[in-house]
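A.B. asks: There's a structure below that I have some questions on.
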Amino acid sequence: MKIKLQTKKLNVWYGGIHVVRDFTIKIPEKRITAVIGPSGCGKSTFLKALNRMVELVPGARVSGKVILDVKNIYGKDVDETEIRWKIGMVFQKPNPFPKSIYENVAYGPRIHGMAGKEKLRRIVEESLRKAALWEEVKDRLNVSALELSGGQQQRLCIARTLAVNPEVILMDEPCSALDPIATTKIEDLLFELKKNYTIVIVTHNLQQAARVSDYTAFMYMGELIEYGRTEEIFERPKNKKTQDYVMGRFG
Amino acid sequence: MKLKTRKRLYEELEDLKSKTMKMGSLVAAAVEEAVESLVRRNVRLAKKVIKEDDKIDNLELEIENKCMHIIALQQPVAKDLRLIGSCFKIITDLERVGDRAVDIASLTIEFAGRPLVKPLVDIPRMAELAVGMLRDSMRAFKEEDSLLAQGLGERDDEVDRLAHQVTRELFSYLIEDPKKISDAVRLILVASFLERIADHATNIGERVIYVEKGKRVKIN
């Protein structure tokens, strides 16, 4: 199996606080990898470090490597904006721009220099289709994105991420603000998306991690404690801490 | 990391274990009584064993439902899930042991009023070993004792050896005297039932090890 993204001794500090510690992991291509762990264990920071978004946090410092295919994204000659196109991110709360549905998706490709009305229209349609939203919005593309339901807004944000043609999609608790039905739709969507994209998802919802992911990483106090196939982590974890966490026995 | 959360799941699992233990006790007692009914030619006791098998079957269903409920409502994983999956399998083994007890009790009824072809020596010995294994497999389950479970393999070898010996001996009776064929065959069946019961006990032992260690181990 091809490794799409890997970290080597990745460390992140916020000021004096050491948030991610010597994190080394290999993330396979076109699979879903879930990162689980208790609140404050550093999951979201780890995720943000995977596309250099962490650098936007004041006082953040990073050491170690994050390698996309063969290239260290923290290398000197790397343009972090380009990295954030290639490694897109979807956030916990749907955050569409206060613009039309169409504009939300067209925005990225347009500033990315993809001109031509017809070409843009095609990208918008394709992205909305991939995000399983097209059928629901095709007749009202000029309506404000804020009129959509929470679940639709989240799928719109996924479409927006897809529009710039990423290779990896990072998701930080993408369903925690959604109801069970919207959650199911996103989960089904993830299953479709992994045919073409490498996905890393951070979740508090252990059942969701178990349902959707191929691999699961358990993180505790900034460290990677255990990483393996999801069925192994949930059926016979090797580490006592992993076992206590997945069994819900953390006091 | 204190183990204090998920109290309700804990209680449900304790209840599941104690019900499974209860089924194990009922089944072991049924085998003992079935063999006793055969040795003492006690038809009343045999009928009691047959009648009480319903209790075992009902308990199996009750435990199965309980497993389903816990899975549906509590989403257990890791060791908790292994315990539930193992209970599912253990109760099938126990239910089958119960059926073998019924089979033996039925043979007691068929033998009624006729002298046995030979005095029963090895069969009660086999029964004692097999029931001992069954009780210990359930004790290993209760106490999560993989070592005790692992030891069942050797004890099963002894039961197999005795079964082989009994069969050979009975073959010689049935060759000597064709009139004894049907009774000798019935006793051969009893030996094979007891041998199966010991196998079920080793199956239970394998589940105990799986619950404990998450590993699939063959012990017989």
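A.B. asks: Whole number please: convex hull volume per residue of the Cα set in region A:71-136, in Å³? Mind showing how you got there, number by number?
C.D. replies: Values: hull volume 8.6 nm³, N = 66.
Convex hull of Cα atoms, per residue: 130 Å³.
A.B. asks: Within straight cross-link reach of B:LYS213, meaning Cα distance under 18 Å, which aspartates and glutamates are found once same-chain residues fewer than 8 apart are removed?
C.D. replies: Straight-line reach from B:LYS213, under 18 Å: A:GLU226, A:GLU231, A:GLU232, A:GLU235, A:ASP244, B:ASP80, B:GLU143, B:GLU144, B:ASP145.
A.B. asks: Please give the average number of partner chain Cβ atoms lying within 10 Å of the Cβ of each residue in B:75-85, rounded to a whole number. The partial results should precede the final answer.
C.D. replies: Numbers: counts 5, 4, 13, 14, 8, 5, 5, 2, 0, 0, 1.
Counting other chains' Cβ atoms within 10 Å and averaging over B:75-85 gives 5.
A.B. asks: What Kirkwood hydrodynamic radius do you get for the protein assembly as shown when you take the inverse of the mean 1/r over all pairs of distinct Cα atoms, in Å? Let's see the in-between values first.
C.D. replies: Values: mean 1/r = 0.0376 Å⁻¹.
26.6 Å is the Kirkwood radius here.
A.B. asks: Can I ask one more? Please average, across the residues of A:225-238, the number of beta carbons from any other chain that are within 10 Å of each residue's own beta carbon, and give a whole number.
C.D. replies: Values: counts 0, 0, 0, 0, 0, 0, 0, 2, 2, 5, 7, 9, 4, 1.
The mean count of partner-chain Cβ atoms within 10 Å per residue comes to 2.
A.B. asks: While we're looking at this one, here's another question. Order of A:142-150, B:135-143, A:113-121 by packing, highest average Cβ count within 10 Å first?
C.D. replies: On the way: A:142-150: 15.2, B:135-143: 19.9, A:113-121: 10.9.
Most protected by this proxy first, the peptides run B:135-143, A:142-150, A:113-121.
A.B. asks: A follow-up question, please. Sort B:ILE209, A:ILE201, A:ILE3 by Cβ crowding within 10 Å, fewest neighbours at the top.
C.D. replies: Details: B:ILE209 22, A:ILE201 27, A:ILE3 14.
Arranged by neighbour count, lowest to highest, B:ILE209, A:ILE201, A:ILE3 become A:ILE3, B:ILE209, A:ILE201.
A.B. asks: Here's something else I'd like to know. Using only C-alpha positions, report the orientation-averaged shadow area of the convex hull of chain A, nm², one decimal. Can you show the working numbers first?
C.D. replies: Details: hull surface 55.7 nm².
Over every viewing direction, the Cα hull of chain A projects on average to 13.9 nm².
A.B. asks: Taking the Cα centroid of region B:40-76 and of region A:104-151, what is the distance between the two, rounded to the nearest whole Å?
C.D. replies: 60
A.B. asks: Name the residues of region A:106-126 whose amide N is less than 14 Å from a point 7 angstrom out from the Cα of A:GLU192 along the C-beta direction?
C.D. replies: Label zone hits: A:125-126.
A.B. asks: Starting from the amide H of A:ALA60, placed 1.01 Å from N in the peptide plane, find each other amide H under 5 Å away whose residue is 5 or more places distant or on another chain.
C.D. replies: Amide H neighbours of A:ALA60: A:GLY15.
A.B. asks: What residue among B:LEU9, B:GLN150, B:GLY85 has its Cα farthest toward the positive end of the dipole of chain B, where the charges are +1 on Lys, Arg and -1 on Asp, Glu, each on the Cβ?
C.D. replies: B:LEU9
A.B. asks: Bins of 10 Å, beginning at zero and ending with the bin holding the largest distance: percent of Cα pairs per bin for region A:22-146, please.
C.D. replies: Computed distribution, short to long bins: 10, 34, 31, 22, 4.
A.B. asks: Here's a follow-up. Roughly how many whole Å is it from the C-alpha centroid of region B:142-220 to that of region A:179-239?
C.D. replies: Taking the Cα centre of each part, region B:142-220 and region A:179-239 sit 44 Å apart.
A.B. asks: Continuing with this model, one more query. What pairs from A:LYS195/B:LYS79; B:LYS22/B:LYS89; A:LYS4/A:LYS99; A:LYS86/A:LYS117; A:LYS119/A:LYS195 go past 27 Å between their alpha carbons?
C.D. replies: Values: A:LYS195/B:LYS79 32 Å; B:LYS22/B:LYS89 15 Å; A:LYS4/A:LYS99 34 Å; A:LYS86/A:LYS117 23 Å; A:LYS119/A:LYS195 24 Å.
Over 27 Å apart, Cα to Cα: A:LYS195/B:LYS79; A:LYS4/A:LYS99.
A.B. asks: Calculate, in nm to one decimal, what B:ILE181 and B:THR92 gain on full extension: separation in residues at 0.36 nm each, minus their alpha carbon distance.
C.D. replies: Values: separation 89, 0.36 × 89 = 32.04 nm, distance 3.29 nm.
Here the answer is 28.8 nm.
A.B. asks: Taking 41 Å as R0, compute the FRET efficiency from the Cβ-Cβ separation of B:ASN58 and A:LYS30 and round it to 0.05.
C.D. replies: 0.25
A.B. asks: What value does region A:108-251 have for Rg/Rh, both radii from Cα atoms and Rh as Kirkwood defines it? Please list the in-between numbers first.
C.D. replies: Values: Rg = 17.9 Å, Rh = 17.0 Å.
Reported Rg/Rh (Cα atoms, Kirkwood Rh): 1.06.
A.B. asks: To continue, here is another question. How far apart, in nm, are the 7 Å Cα→Cβ label points at A:GLU80 and B:ARG139?
C.D. replies: Result for the modelled spin labels: 6.6 nm.
A.B. asks: Tell me the label-point distance for the pair B:VAL39, A:GLU147, using the 7 Å Cα-to-Cβ offset, in nm and rounded to one decimal.
C.D. replies: 8.6
A.B. asks: If you average over every viewing direction, what projected area does the convex hull of the Cα atoms of chain B give, in nm²? Walk me through the numbers before you get to the answer.
C.D. replies: On the way: hull surface 49.6 nm².
So the Cα hull casts an average projection of 12.4 nm².
A.B. asks: Tell me the trypsin sites (Lys or Arg not before Pro) within region A:158-201 that lie in a loop according to DSSP and have at most 14 other beta-carbon atoms within 10 Å.
C.D. replies: Details: sites: A:ARG160, A:LYS185, A:LYS194, A:LYS195; in loops: A:LYS194, A:LYS195.
The qualifying sites are A:LYS195.
A.B. asks: What FRET efficiency would be calculated for the residue pair B:SER172, A:GLN6, taking the C-beta separation as r and a Förster radius of 56 Å, to the nearest 0.05?
C.D. replies: 0.20
A.B. asks: What is the distance, in nm, between label points placed 7 Å from the Cα along the Cα-to-Cβ direction at A:GLN207 and at B:LYS218?
C.D. replies: 3.8
A.B. asks: Another one. Work out the FRET efficiency for B:HIS164 and B:LYS51 from their Cβ-Cβ distance, taking R0 = 25 Å, and round it to the nearest 0.05. Could you put the intermediate results ahead of the total?
C.D. replies: Numbers: r = 33 Å, r/R0 = 1.32.
Efficiency, rounded to the nearest 0.05: 0.15.
Just so you know, all these numbers are worked out from the coordinates, no wet-lab data involved. A quick note: this is a predicted structure, and the numbers were derived from the prediction, not measured. So basically every Cβ, Gly included, is an ideal-geometry build from the backbone, and we count neighbours across all protein chains shown.
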